[in-house]
1. Quick check: the angle from helix 101-129's long axis to the longest principal axis of the chain, C-alpha only, nearest 10 degrees?
2. Less than 12 Å Cβ to Cβ from residue 358, Lys/Arg counted +1 and Asp/Glu -1: what total charge do the surrounding residues give?
3. Assign unit charges at the C-beta atoms only (+1 for Lys and Arg, -1 for Asp and Glu), then state the dipole size of the chain relative to its Cα centre in Debye, rounded to the nearest 20.
4. Please give the per residue accessible area of region 126-187, computed with a probe of 1.4 Å over protein heavy atoms only, in Å².
5. Solvent-accessible area of residue 380, probe 1.4 Å, all protein chains present, reported in Å² to the nearest ten, please.
6. Roughly how many debye, to the nearest 20, is the charge dipole of region 1-115 about its Cα centre, given +1 on each Lys and Arg Cβ, -1 on each Asp and Glu Cβ, and no other charges?
7. Among the GluC sites (Glu not before Pro) within region 214-280, which fall in a DSSP loop and have no more than 15 other Cβ atoms within 10 Å of their own Cβ?
8. What's the lysine pair count for the chain at a Cα cut-off below 17 Å, pairs eight or more apart or interchain?
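The values are calculated or read from the model by the stated rules, or taken from the named source; none is laboratory data. What you see is a predicted model, and the numbers here were worked out from it, not measured in a lab. Using ideal geometry, Cβ is built from the backbone for each residue, glycine included, and neighbour counts are taken over all protein chains shown. These accessible areas exclude ligands, DNA and RNA; they are computed on the full protein's heavy atoms, side chains included. Shrake-Rupley method; radii C 1.70, N 1.55, O 1.52, S 1.80 Å.
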Amino acid sequence: MAKRLNAIVIGGGAIGCGAAYYLAKQGCQVRVLEASRVGRACSHGNCGYICPSHALPLTAPGAVQRVVRAMFDKDSALYIKPRFDPALWLWLVRFALRCRRRNVRPVAVARQALLASSMQLYRQLLAEESLDVEWEDRGLLFVYKSPREFAAYQSTAESVRRDFGIEMIPYPGERLAELEPALRSDLGGGWHCPTDSHLRPDRLMAALVSVLRSQGVEIVEQAAVTAFDIGGGRARSIHTTRGSMTGDVFILAAGAESPVFAKQLDCRIPIQPGKGYSITLPRPERGPNIPMIFEESHVAATPWQSGLRIGSTMEFVGYDRSINRRRIELFMRAAAEHLAQPPGGPIQEEWYGWRPMTYDELPCVGPAPRASNVIVAAGHGMIGISTMTATGKLVSELALGIEPHLDPMPYSLNRFNYLQGGTRHWRKQAQVPVRTARD
Ligand SMILES: Cc1cc2nc3c(=O)[nH]c(=O)nc-3n(C[C@H](O)[C@H](O)[C@H](O)COP(=O)(O)OP(=O)(O)OC[C@H]3O[C@@H](n4cnc5c(N)ncnc54)[C@H](O)[C@@H]3O)c2cc1C
């Protein structure tokens, strides 16, 4: 057992709670400070996929063209609000510069390391803590209306299988509805990744909170951190809306809001909020059993015993808190175009969340370069629920100085220090081109 550290976790989302869990398991005295309510931000209403199938990043050849097309399509899942926001435009330029073939493989390898380790750790967590989170091993279906688009996915499926051993099984045309009878029989086809799983994220967060409490973790809600007090290359204390606090180590897990502290920590945390929405409905009588993504409209549907969630969109509209009704209508339309029986019943919840998006599609997990006892754990984009466990474990290892269970280098904040070579040092290590359907 490592020495007993006093750890303060800033942010009570999946990443903060995951870090708190592994720190407490290592014997640390842990306090979670949450500005609002624990588990109510982006970790609440997401789609709950635990998806190693998502190893390939968005930053791939062809992505920029798709972004440009989307800007002229009012029904597109992607929306960038035209406005004066230099940080956003710089972020977008850097995203565009990453969309090269040679970048795909190293990023995918680093994403896969987190995803694969997380899957294993989730199974351990569920077994050890007897968590009831509606976990199911039904895989994930990538559904296409167009037979041509279905066929075009083949090269991506092959590359994912070849490079990461992830199985993707094709179900052309009517065979798709044989696998998932809730789907219409006139669709182009689908690819099934049988090794993905899913859970209900609000249940996950509630279950985690009770485990944390049983471990002795102190959870303080309505406690927003406002500033770090830095000196001698370390954070000495933090200021919060509930007074100042001291600790040995501070974990910055404030999701999309983490960049607020970049200036004080004297480092770059290039995260933009990628706003998504979801609606939750009662489980339909003839609803799907397998979670699925309607690929042409980028709308996802997740079935649980307790309901059905439909979610999507990636809006770059800043830290906007409104619900765009048009988006909700698009979800219902996409569901009606793919499901034999369109979902009905009262909408139980309408929700938005800010995905913490980095422009290189990798999270930031590592010490702040100029405050060695502040560990940043943010920027998990579209896979924060999927990578919660490995991130939490890695954070605890970095905090305690024990050998990390996976190479932390690709997630380090040093990659944004362009004067020191940025990502070049680790990117070279995994330089084998990967083919994708987008090439
Ligand atoms: C529509 C949608 C669908 C998604 N589907 C999936 C999916 O299927 N699978 C998957 O893996 N991921 C999915 N995601 C992404 C996933 O939800 C996020 O990656 C993840 O929730 C991020 O977790 P987090 O803990 O970093 O952030 P959050 O959950 O946002 O938590 C950050 C917390 O920090 C708090 N905070 C902020 N500032 C302060 C401060 N100053 N002081 C104290 N506290 C502060 C906030 O209040 C918040 O509670 C989806 C996202 C969306 C929007």
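1. 80
2. Working: positive: 94, 98, 111, 268, 355, 415; negative: 360, 361.
Local charge sum for residue 358: +4.
3. On the way: 52 positive and 41 negative charges, 278 e Å.
Roughly 1340 debye, rounded to the nearest 20.
4. Result: 51 Å² per residue.
5. 10
6. The dipole of region 1-115 has a size of about 340 debye.
7. Values: sites: 218, 221, 257; in loops: 221.
Within region 214-280, the qualifying GluC sites (Glu not before Pro) (loop, at most 15 other Cβ atoms within 10 Å) are 221.
8. For the chain, the number of qualifying lysine pairs is 5.
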